[in-house]
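Here is the structure we will look at, set down as structure tokens.
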Amino acid sequence: ARHMREHILRNDFYEYCPEICPCLNGKTDSFQRFARNKKGFNKNEQLIYKEIKNSRTVLKSRPYEMTLAMDHSCSLRCIMCSSIQKEAGYVISEGIYKLTGQILDTLGLIFFTGGEPFYSERVARFIGHFKGKKPALKWGFITNGLNINMLLLKKLKIDHICVSIDAVTEDVYEKIRIGSNFRTVIGNLKELLNYRDNNYYFPIKI
């Protein structure tokens with residue numbers, strides 16, 4: 001991790017993702033949204049903020065955000081993706097429960113990617129295990145938008161959600177995202193917007 005930070009801070013990314021890794025030196029939207037809350041930071045969050053702003057490579061702070069791909073299961077067969085249907089494929093170790101419990105006191109956000117998090121029973125089970133242990137914990141998702149679980153979302157403190165859409169016309173979209181339904185996804189997006197408009201703001205990205 002220290003080696004990665006050193007290269008990131010020199011803007012020498014090579015195999016690292018330049019859209020994500022700059023958050024380690026304060027250049028992304030996610031860090032800016034984090035920083036806007038600094039008046040209410042606890043001691044650990046204050047330390048995170050200072051270490052990022054001062055470009056530290058050896059950190060004393062504990063994690064605030066965790067991103068998980070619980071498995072690679074998905075309901076679709078998109079032409080550009082290696083995730084598989086029905087079976088989990090790649091599966092993260094059950095030890096993630098122990099690790100999450102160890103850092104739960106400082107965690108502010110758990111972000112799920114996949115596969116498809118709303119298709120994975122392991123994601124729902126993980127959320128069920130932790131949401132009662134820390135009600136203030138926030139949650140984020142990257143989803144294909146086909147099977148968004150609104151009942152689940154209404155029980156959580158959603159921080160943000162990204163819906164993957166690769167075309168603006170139905171025929172092209174369904175040639176890329178094989179097994180999906182363009183109209184269903186657009187309907188689910190409208191339901192998300194309606195829920196946000198009538199409750200609280202959170203970013204919805206496509």
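The values are calculated or read from the model by the stated rules, or taken from the named source; none is laboratory data. Nothing here was measured: the structure is a model prediction, and the numbers come from that model. Glycine gets a Cβ as well: all are built from the backbone with ideal geometry, and neighbour counts include every protein chain shown. In case anyone asks, the SASA skips ligands and DNA or RNA and just uses the protein heavy atoms, side chains included. Shrake-Rupley method; radii C 1.70, N 1.55, O 1.52, S 1.80 Å.
Close amide-amide hydrogen proximity is noted between CYS162 and PHE141, ILE142, THR143, LYS205, each under 5 Å apart and 5 or more residues distant or on a separate chain (H modeled in the peptide plane; Pro and chain starts excluded).
Loop-located trypsin sites (Lys or Arg not before Pro) in region 100-206 (DSSP state not H, G, I, E or B) with no more than 13 neighbouring Cβ atoms inside 10 Å: LYS133. Proximity of backbone amide H atoms, modeled 1.01 Å from N, is registered between ASP71 and ILE92 at under 5 Å, excluding neighbours fewer than 5 places apart on the same chain.
Return the calculated 222 nm mean residue ellipticity for the chain, to the nearest 500 deg cm²/dmol, obtained by summing -39500 (n - 2.57) across DSSP H runs with n ≥ 4 and dividing by the residue count. Don't jump to the answer; show the numbers that get you there.
Details: 8 runs with 74 residues, N = 206.
Mean residue ellipticity, 222 nm, calculated: -10000 deg cm²/dmol.
How about region 119-206: which chymotrypsin sites (Phe, Trp or Tyr not before Pro) there are in a DSSP loop, with at most 15 other Cβ atoms within 10 Å of their Cβ?
Details: sites: TYR119, PHE126, PHE130, TRP139, PHE141, TYR173, PHE182, TYR195, TYR200, TYR201; in loops: TYR119, TYR200, TYR201.
Those satisfying the criteria are TYR200, TYR201.
Between the beta carbons of ASN11 and VAL58, assuming R0 = 22 Å, the FRET efficiency works out to 0.65 to the nearest 0.05. The gain in end-to-end length when the LEU99 to CYS78 segment is fully stretched comes to 4.3 nm, 0.36 nm per residue minus the alpha carbon separation.
A straight chain from ALA136 to GLU170 at 0.36 nm per residue would run longer than the Cα-Cα distance by 8.4 nm. Approximating the spin labels as points 7 Å out from Cα along Cα→Cβ, the THR106-to-THR28 distance works out to 1.9 nm.
Ranked from the most accessible area to the least, with a 1.4 Å probe and all protein chains present, what is the order of CYS74, CYS81? The partial results should precede the final answer.
On the way: CYS74 15, CYS81 75 Å².
These residues rank, largest area first, as CYS81, CYS74.
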